[in-house]
Amino acid sequence: MGLTPRSHSWQWGKARAQMQVTAVTAAAPLLVLGVVAAILLGFSWRGLLWGLGLATLAAVVPSLLVLLSGRLSSNLADPTLAGPATTVLHLRAGVLLELARLGVVTLQDVQLRDAVWLGLGVQSLNVLVGLVLYAGIVTLRPSPLDLEQAAAGCSDSYSYGQGVLGFGRNTLVEVGLSLLLALSPWLAFVTVPVGAIWEALTGRTQTTPRTRAR
């Protein structure tokens, strides 16, 4: 059976509300930490751009790994193996991304200020995607059609605190990993395994329009 107009309206309102929560909760901690970093250390365009580049790489690495590994691709398609295969995928992606971070920090002689903005830049992609998706859904349907759809938006209000904490935690981890490498490239012996495990636990390379920070 197809969706009734009212149930479709409610689902649209729910999706719009989730997009709004994601956009706000991703932007809030990045904005606060960015203001603090700018006041204490100053602004670094090159650090921010390197972070955006690393975030873009993080978005495509898992897909590339799947394309390059037929066995991994088949395991992901098997419901009985999808869980372990996903963990392996994120572990591999995490290692590659931390090696890429190490390469940026060492080759560009990144200082502490740049390292902070590199970490902030990695998370900025989540903010951009969240804002673009929310702007798109608002453009498609600028206002709720009925009270039921409006209620769907209100029902997600509790998620704001959880989302801010989640994205704030992720941003601090990105900044911390970058700072460790800026202090000493030899700390890659710490950042690579930590980054890989963090990737496996949170799937941070997947930018999704969910209220739960990834």
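The values are calculated or read from the model by the stated rules, or taken from the named source; none is laboratory data. Because the structure is predicted, anything quoted here is derived from the model rather than measured. Here Cβ is always computed from backbone atoms with ideal geometry, including for glycine, and neighbour counts include all displayed protein chains. Areas reflect the complete protein model, heavy atoms only, side chains present, ligands, DNA and RNA absent. Shrake-Rupley method; radii C 1.70, N 1.55, O 1.52, S 1.80 Å.
What a 1.4 Å probe finds exposed on region 30-118 is 71% carbon and sulfur by accessible area, rounded to a whole percent. Using heavy atoms of the protein chains and a probe of 1.4 Å, the accessible area assigned to Tyr134 is about 50 Å². Here the peptides 17-30, 96-109, 46-59 are ranked by packing, the mean other Cβ count within 10 Å, and the order with the highest first is 17-30, 46-59, 96-109.
Take the alpha carbon gyration tensor of region 64-123, find the square roots of its eigenvalues, order them as a ≥ b ≥ c, and report rounded if a/c is under 1.5; if not, report prolate when a/b exceeds b/c, else oblate. Prolate.
For the set Ile39, Ile197, solvent exposure ranked by accessible area (probe 1.4 Å, protein chains only) runs largest to smallest as Ile39, Ile197. Computed from phi, the 3J(HN,Hα) profile of region 50-58 under the Karplus parametrisation 6.51, -1.76, 1.60 (θ = phi - 60°) reads 4, x, 4, x, 5, 5, 5, 4, 4 Hz, with x in place of Gly and Pro. Residue by residue, region 78-88 carries 3J(HN,Hα) couplings of 8, x, 6, 10, 4, x, x, 5, 5, 4, 4 Hz when phi is fed to the Karplus relation 6.51 cos²θ - 1.76 cosθ + 1.60 (θ = phi - 60°); x denotes Gly or Pro.
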